[in-house]
Amino acid sequence: MKGLAMNPLPRVALGVAAACCFASAAALAQPYTASTPLTRAQVRADLIEWRQAGYDPLDWIDYPENAQRAGAIVAQRRAARAGVGASGAQMTQ
């Protein structure tokens, strides 16, 4: 008993190990967010969707307008697929 009272290192090490386990479990339990990495297939599907909306990555002369217009079209299509109106309200039929 005297050895544990004089040497707090085992208690500190146990506390650090418990904190690491808790932090790693909390990090793995996070839900999907937009900042999580995409797969190659998801990126390719996204590019195809943008190109179908009229975006041309080689059209650098009309770049901002071209990308903004295609982005608006893609957003409208995704909202329509999700059943959400332009204002963000759920659409009813």
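A few points about this structure:
- Extended-chain gain in nm, criterion 0.36 nm per residue less alpha-carbon gap, residue 39 and residue 72: 9.6 nm
- Globularity ratio of the stretch 40-82, using Cα Rg and 2.2 N^0.38 Å: 1.16
- Of the residues 47, 58, the one with the fewest other Cβ atoms within 10 Å heads the list, and the complete ranking is 58, 47.
Only the coordinates and a few stated rules stand behind these numbers; no lab work does. This one's a predicted model, so the numbers in the text were calculated from it and none came from an experiment. Ideal geometry is used to build each Cβ from the backbone, glycine not excepted, and the neighbour counts take in all protein chains shown.
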